[in-house]
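Q: Take this structure, written in structure tokens, and hold onto it; I'll ask about it next.
The values are calculated or read from the model by the stated rules, or taken from the named source; none is laboratory data. In this text the structure is predicted, and so the values were computed from the model without any measurement. With ideal geometry, Cβ positions are generated from the backbone for all residues, glycine too; neighbour counts draw on all protein chains shown. The area values use the complete protein model at the heavy-atom level, side chains included, leaving out ligands, DNA and RNA. Shrake-Rupley method; radii C 1.70, N 1.55, O 1.52, S 1.80 Å.
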Amino acid sequence: MTNSIINRLFYQTLALLTVFALDAVEAAEFVQVIHGPEAASLEQLAANELADILGRVFDDIEVGSGSDVAERSGTVIFVGSPDTNPSIARHFPDWPKVTDQGIVIRSDGEKQVHAVGGGSPAATLWAVYELGHRLGIRYLLRGDLNPVNRRPFGLSKIEATLEPQVRQRGWETIGVGAHTFESWGLADQQRVIRQLAKLKFNHLILKLEPWHPFVSYEFKGVPRTTTTFWNGRQYPLTGDFVGKKAFGGATLFQHPEFKEADTPAEMFAAGKRFLTAVIGTARQYGMTVSVQFQRDIHAPEFAKVLPNTTMADDGFLGCISSSSLGASPSASMFRELLATEMKACFDAFPGVDQVCWPAIEVESGRFNVISGTERSEALNQVPALSEDQVRKVLQNVVPAPAKGDRLSLTVHTSSLDMLPQTQVHDVDRTLRAAIKAGWSSVSIGPASISEFGQDVQFVSRAMWNTDLEPSASHTDLWAVTTGNKAAAERLWLARQHLENATSRIATNDQRVEFNQGFARLAPGMLIKRHYIPAPIPDWWQGVTDAYTQYMIELYRAHGAIDGDAKPILFYYAKRGEYVLEYLGAVKAVREAALAQEAGDTERAIEHLEHALELTYNCINTLSDVARDQSDRGLIAALNANAYRPLMAELERLSGEE
């Protein structure tokens, strides 16, 4: 074959490929996402987010966004409301009247015109995310899960008008513990806030403790100087530390935003920068912000000016109980201190709308009531619950709300502090009761993301739709994102096993000697709580069996799917391994104590060696899948509170033999 013939065939083939490519481009649907000419920043963000969503769902479109409609055939989606986008008023004259939180999705398939909007810029953003949900994207705290396969473009059958059942939908962050949001830096907090906006949360609660370096003030001539995290505990990552691979060579577990701060002044300055940025991000997404203090606990430096104080074991003042905020001089002094703290907070953080605190301290329960003071209200007012409200809270009965109160749903059981857990059906029942009782402000605050993302996703939907059941929400989440209904059913079965384990521990732990929590993350969590010569409770085996089945179902589902869901299911499954290794360590520690009481030191040492090996393995398993500061904080705390004390006891006992 001559070169001329080869060249001719090459160019003919190239021409044909070019024609095919042009045909493919021409076949793609052109979609314009158009916001109003003077749209607020949130509506402009909504338009950009919608353009991104369409590209992730459909495989045959070309998307553009802006404020001007191009003269080109295709589909147009208007974003905003009749007040902010005149094109919506023109194309949809029957646009429904909604509140400032109402969301609307409308379609005119014949004219290829659609509209997505709401009663406010924030509601318009929620409407875009709602459309994304209906197109198959699922929003979790860790990130979005896209549909397994993209599909041909089409919007004609998607219409909705929605109003929330709970108007103030709150998210609680910071909190207490190395394994909680207390350890999270700015980038991580901002990432979660973005996901919360997609879940239609509209209120951020910053839960501060008396040791946190965020609010600086002086009371009765005494400056506040306590500035630390994790109640002053330190977590070195050196020596025999297990799981170093999760820390990138660091030698000390630290809050990312405070690594260069040493003095109280430097800590308070860093804390102000951090909280100001977090608050600013929440504001950008249309959220209001509260700061929640501990009403009955304050920093130890104020002991010299506060009457009738007691020092807690952790070095902080246990001032007075909730029920004693009466007219006594002591109560008046504490009320003045609280007012000083509130004023300092409002002055330092102009973006804060409210300061609040637990109205009653509840050791365990399905919810708590949070009282608050708005910026415009008198700072010396400390609302108190009525006797009837207190009685109902203590009985786990949702009371009627009072002005300014918020109902905080309990999703995290302290007895299982560090273990995978869910009590989604309890949360569902409490939320339904709260809505029925008239609560307009409800919040949720797990200690970390871990396995709670699925429960938060359910609550976010149930706050708009009281007919939604946990099983339907869960199955929908995984059926859509895995494309495998059988896998979704397995994952619901796994969730039921997890709830079974949670219930067994929460129920039985209240009746045995571990009054500080079966798996609460604290100093001496293995030695102090489980190294005792008492019979192994029968319910332990039931817990182990439930967690075993939970892990098995996770691995079965993981092996049958592809897509964005696969990595997160692997994370859940590995944490299922971790909990079984930890439970094995708990049992081995108890067996060591029983052998020691029987005078069999050699056998006791064998059990402790086995417990140490299992503890090492469980920490190492966690480090395999550590994703965030909560995971790393858990690894650091387990080394300090479980592994090292266990090693010390083993060395002591071996030395005595």
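Q: In Å², and per residue, what accessible area does the chain have when probed at 1.4 Å with the other protein chains present? Mind dumping the intermediate values first?
A: Values: 27200 Å² over 657 residues.
Accessible area per residue, the chain: 41 Å².
Q: Residue 220: which aspartates and glutamates have alpha carbons under 15 Å from its alpha carbon, excluding same-chain residues fewer than 8 sequence positions away?
A: The reachable aspartates and glutamates, counting only those whose Cα sits under 15 Å from residue 220, are 301, 336, 341.
Q: Under 12 Å from the Cα of residue 245, which aspartates and glutamates turn up, not counting those fewer than eight places away in the same chain?
A: 624
Q: Same structure again: When a/c reaches 1.5 or more, the comparison of a/b and b/c decides; with that in mind, is segment 434-510 rounded, prolate or oblate per its Cα gyration tensor? Could you put the intermediate results ahead of the total?
A: Values: a/c = 1.93, a/b = 1.13, b/c = 1.72.
In terms of gyration-tensor shape, oblate.
Q: Pairs 200/485; 259/587; 244/566; 244/587: which exceed 29 Å Cα-Cα?
A: Values: 200/485 27 Å; 259/587 39 Å; 244/566 25 Å; 244/587 26 Å.
From the list (200/485; 259/587; 244/566; 244/587), the Cα-Cα distance tops 29 Å for 259/587.
Q: On a straight-distance basis, which lysines could pair with residue 157 in a cross-link, Cα separation under 19 angstrom, same-chain partners fewer than 8 positions away excluded?
A: Counting by Cα, and skipping residues close in sequence, residue 157 has these lysines nearby: 111.
Q: Still on this model: Going through segment 142-182, which trypsin sites (Lys or Arg not before Pro) have at most 12 other Cβ atoms within 10 Å and a DSSP loop state?
A: Passing both the DSSP loop test and the Cβ count: 157.
Q: A further question follows. If you filter segment 43-119 for trypsin sites (Lys or Arg not before Pro), then keep DSSP loop positions with at most 10 other Cβ within 10 Å, what is left? Intermediate values should be presented prior to the final figure.
A: On the way: sites: 56, 72, 90, 97, 106, 111; in loops: 72, 97.
Here the sparse-neighbourhood loop sites are 72, 97.
Q: Here's another thing I want to ask about it. On C-alpha positions alone, give me the angle between the axis of helix 186-198 and the longest principal axis of the chain, in degrees, nearest 10.
A: Here the helix axis deviates by roughly 60 degrees.
Q: With the full set of protein chains in place, find how many percent of the accessible area of segment 523-600 is carbon and sulfur; take the probe as 1.4 Å. Let's see the in-between values first.
A: On the way: 1610 of 2910 Å².
For segment 523-600, the apolar C and S fraction of the accessible surface comes to 55 percent.
Q: Could you work out [θ]222 nm for the chain from helices alone, using -39500 (n - 2.57) per DSSP H run of at least four and dividing by all its residues? Round to the nearest 500 deg cm²/dmol. Can you show the working numbers first?
A: Details: 18 runs with 290 residues, N = 657.
Value at 222 nm, helices only: -14500 deg cm²/dmol.
Q: Sticking with this one: Can you tell me, using C-alpha contacts under 8 Å and at least 6 residues apart, the relative contact order of segment 445-507 as a whole percent? Before the final figure, lay out each step's value.
A: Details: 26 pairs, mean separation 11.6, N = 63.
Averaging sequence separation for qualifying contacts and normalising by length gives 18 percent for segment 445-507.
Q: Still on this structure: Report the FRET efficiency, 1/(1 + (r/R0)^6), for residue 167 and residue 283, where r is their Cβ-Cβ distance and R0 is 22 Å, rounded to 0.05. The partial results should precede the final answer.
A: Working: r = 18 Å, r/R0 = 0.82.
Step by step, r from the Cβ atoms, then E = 0.75.
Q: Using only alpha carbon pairs under 8 Å that are at least six residues apart, calculate the relative contact order of the chain and give it in whole percent.
A: Details: 1174 pairs, mean separation 78.8, N = 657.
Relative contact order of the chain: 12 percent.
Q: Moving on to the next point. Candidates [x] 0.96; [y] 1.08; [z] 1.02; which is the computed Rg/Rh (Cα atoms, Kirkwood Rh)?
A: [z]
Q: My understanding is that a pair violates if its Cα-Cα distance is over 20 Å; which of 207/343; 207/304; 392/436 do that in this structure? Mind showing how you got there, number by number?
A: Values: 207/343 16 Å; 207/304 26 Å; 392/436 15 Å.
Result: 207/304 exceed 20 Å.
Q: Further, regarding this structure: Under a plain spin-label model, where a point goes 7 Å from the Cα along Cα-to-Cβ, how far apart in nm are residue 469 and residue 149?
A: Placing both labels 7 Å along Cα→Cβ, they lie 2.9 nm apart.
Q: Turning to a different aspect of this structure: Give a quick list of trypsin sites (Lys or Arg not before Pro) in segment 569-603 that DSSP marks as loop, anything other than H, G, I, E or B, with at most 16 other Cβ atoms within 10 Å.
A: Details: sites: 574, 575, 587, 590, 603; in loops: none.
Of the trypsin sites (Lys or Arg not before Pro), not one in the loops of segment 569-603 has a Cβ with at most 16 other Cβ atoms within 10 Å.
Q: With all protein chains present, how much of the accessible area of segment 107-197 (probe radius 1.4 Å) comes from carbon and sulfur, to the nearest whole percent? Spell out each step's value before the answer.
A: Numbers: 1350 of 2980 Å².
The computed percentage sits at 45.
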